[in-house]
1. Mean projection of the alpha-carbon convex hull of the range 373-458 over all orientations, in nm²?
2. Multiply the residue gap between ARG402 and GLU39 by 0.36 nm, knock off their C-alpha separation, and tell me the result in nm, one decimal place.
3. Can you list the lysines whose alpha carbon sits under 19 Å from that of LYS214, skipping same-chain ones fewer than 8 residues off?
4. Considering Cα pairs under 8 angstrom that are at least six residues apart, work out the relative contact order of the range 236-422 and quote it in whole percent.
5. Considering only the other residues whose Cβ falls under 11 Å of the Cβ of SER434, what net charge follows from Lys and Arg at +1 and Asp and Glu at -1?
6. Can you sort LYS289, LYS268, LYS334 by how many other beta carbons sit within 10 Å, fewest first?
7. Which of the peptides 34-42, 181-189, 383-391 is most tightly packed, and how do the rest follow, going by the mean number of other Cβ atoms within 10 Å of each residue?
8. Between LYS337 and GLU110, how high is the FRET efficiency from 1/(1 + (r/R0)^6) when r is the Cβ-Cβ distance and R₀ = 56 Å? Nearest 0.05.
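Any read-out appearing in this document is the output of simple, stated calculations on the displayed coordinates, not a laboratory observation. Quick caveat: nothing in here was measured; it's all calculated off a predicted structure. Backbone-built Cβ (ideal geometry, glycine too); neighbour counts: all protein chains shown.
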Amino acid sequence: MSSPITTINPATEETLETYDRMSDTAAREAVEACHAAFEEWRLVPLDKRAETIKAIGQALRDTSEDFAQLMTREVGKLIGDSRDEIELCAAICDFTAEHGPKELADEEREIPGGTGVITYAPTGVIYGIQPWNFPAYQAIRYTIANLMAGNGVLLKHAANCTGSGLFLRDLMEKAGLPKNLFTVLLIDHDQSDDIIANDLVRGVTLTGSDGAGKVVAQQAGKHLKKTVLELGSNDAYLVLEDADLDVAVEACVAGRIYNNGETCVNAKRFIVTERHYDAFVERFTARMKAVEMGDPRDADTGLGPMARDDLRDTLAEQVEKSVENGARALCGGKVPKRKGAYYPATVLVDVKPGQPAYDDELFGPVASVIRARDDDDAIRIANDSRYGLGGGIFSKDEARARALAATHFDTGMVCINGYNLAIPNMPFGGVKNSGYGREHGGFGMKEFVNAKSLYVTQ
């Protein structure tokens, strides 16, 4: 059996809990129990599934403070961000409960000599491999959609938020979800491959790096399992020549440091045209420099620790390599001498291809500012990335910004004159190395269903 899981508070470095990993036999039996629960759940009418999901949303709100404090202890999230995350999860439950029965209802179409019926049948057990940056949301995002669809759900959560995964399981069962229908697997990577291969598992969804996505997609492909992948990104936010600089600076700072900068759709690259470049850099840097690190439990703290020491060290190395290759740090850029996995809000300029700050995802509070000649050049630079998850455009001409976003911005989501995270009624997902498939907005409910055709001859 693998070594136990130990969770550590990244702000204080204190040990929180230790958990035993499952044996191979226990993991296999957990999959079998989830499948047995699915066999009953798939027969539950859509409106009854919706009632249970609504109850889960209420349970999230009822336990919000306890859950939020746990997440902050496990991964260092600002307590306000943890509370907001719980409310987002509850809103996802509300949206799914309200719209799920209609989204998944049978559809009828005319066919020669009769009626065609499309019915959305659940497929079975869906396996989710999820990261630590949103301990509740990352699990809820795919779980609630699949429960609504009638599937069973397995969760392999990031080790450092194991407590959050187990909290969520207990919460769901207390809210009325049948036991074992949502199952948390305490397993290692080798065991995870066995789960993917298990014949009872019908689909796999992953949120993680593009490297992890390639590995999981390859493993799933060997067994002809469908995957949904929400992977890394290097989201570009464009400050065009007609942008309102006040709006741009405010949104860009918020977009970079939200969740301690550890969000796949954080604003990361800031591409600014010549007209605004100097003024943007000055004002943006001043605002980033003023962000103070502190105790994530304190409501006045602007920036908490990163989730683990190794993640902080990786970010620091990316910054160092970027500077070695010509970038300049206008603020931050050094690991502070203090307890905890802290890294300061950092602004890099003179960012060019060949630097990690340009080419790679910097998963932490580091902003890469890039100069563009004009609007066309800004779009070119934005698309000069292997990623395509989110992005943003700042312009006073909303119609033109919408056209640029719709036609020329090669990414799954675009914010115009603002910064947004996931919204329950809008699809979430990316293109290129940011993955494929969609969640939210009704789309996630149909990723792992069998769109079954019935031909009724009259």
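1. The directionally averaged projection comes out at 8.4 nm².
2. 126.1 nm
3. Hits, sequence-local ones excluded: LYS156, LYS222, LYS225, LYS226, LYS432.
4. 30
5. Net local charge, SER434 excluded: -3.
6. Ascending number of Cβ neighbours within 10 Å: LYS334, LYS289, LYS268.
7. 383-391, 181-189, 34-42
8. That gives a FRET efficiency of 0.20.
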